[in-house]
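The values are calculated or read from the model by the stated rules, or taken from the named source; none is laboratory data. Note that the structure is a prediction, hence the values are computed from the model and not measured. Quick reminder, even Gly has a Cβ in these numbers, built from the backbone with ideal geometry, and neighbours come from all protein chains shown.
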Amino acid sequence: MPEAPNTQAFADHGVHVQNDVVTDTGPAITPVVQHEANDNHPSFERVGERRTFDLPRAIWLGMIACYAVFLTALLASTGGGRAGFAIAVSAVYIIMFFGTARVIARQGPPQSASPLERHGATLQTAFGPMSRGAVFGQILIVPVAVAVFGLAIAGIIAVVM
């Protein structure tokens, strides 16, 4: 096969000539025939997402407990009344949040136990492994802060009243 020079023209330069040698040493590539995907003849096995939450049950229970402490502290400190309705709406939203995660988790195949169920285990993340304590700290910092906030409000109202 005769080699043809590869020429490229640039605006401020002349014509540059490059000699690229291309050799065909590989086998011929055969085209892949796409099968029609329909209900009668499935062309491939469909497999869903295989990821898990990888969080131990203790973290989920800890989050729920923190929000329960927050709502209980608010309800106890306000005495119900007008604030009771807002607290009840907040409770419904919290139940929806955790309930939706639970329903979605049950839709897939049974999940294996979290690697964090064992003490000393690590959780693999996109940025490297995290220890059990680091995972608990990062996930529970906001719910614990919310619970402490609710208790602080109850404490302040108890002192003022």
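I'm told N40 meets every condition in (1) modelled with pLDDT under 90; (2) closer than 24 Å to I139 by Cα except one. Can you identify the failing condition by its number?
The single condition N40 does not satisfy is (2).
Counting only residues that are in a helix (DSSP H, G or I) and of a type outside the set (D, E), how many does the stretch 73-127 have? I'd like the intermediate steps shown before the answer.
Taking the stretch 73-127 and keeping what is in a helix (DSSP H, G or I), we get 73-78, 81-107, 115-117.
Then drop every residue that is not of a type outside the set (D, E), which leaves 73-78, 81-107, 115-116.
Counting residues in the stretch 73-127 that are in a helix (DSSP H, G or I) and of a type outside the set (D, E) gives 35.
Taking the stretch 66-116 as the search range and keeping residues that are touching a residue at least 60 places away in the same chain (Cβ under 8 Å) and among the aliphatic types (A, V, I, L, M), which one is farthest from R132 (Cα to Cα)?
Residue satisfying both the conditions and the ranking: A76.
Yes or no, residue by residue, for (1) at pLDDT 80 or above; (2) closer than 18 Å to I153 by Cβ; (3) surrounded by 11 or more Cβ atoms within 10 Å (Cβ to Cβ):
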| position | (1), (2), (3) |
| --- | --- |
| G48 | no, no, no |
| W60 | yes, no, yes |
| A68 | yes, yes, yes |
| A73 | yes, yes, yes |
| G80 | no, yes, yes |
| A88 | yes, yes, yes |
| P109 | no, no, no |
| S112 | no, no, no |
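Here is a yes/no grid of residues against (1) surrounded by fewer than 17 Cβ atoms within 10 Å (Cβ to Cβ); (2) on the phi > 0 side of the Ramachandran plot; (3) in a helix (DSSP H, G or I); (4) not hydroxyl-bearing (S, T, Y):
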| residue | (1), (2), (3), (4) |
| --- | --- |
| M130 | yes, no, no, yes |
| G133 | yes, no, yes, yes |
| F136 | no, no, yes, yes |
| V142 | yes, no, yes, yes |
| A145 | yes, no, yes, yes |
| F149 | yes, no, yes, yes |
| A152 | yes, no, yes, yes |
| I157 | yes, no, yes, yes |
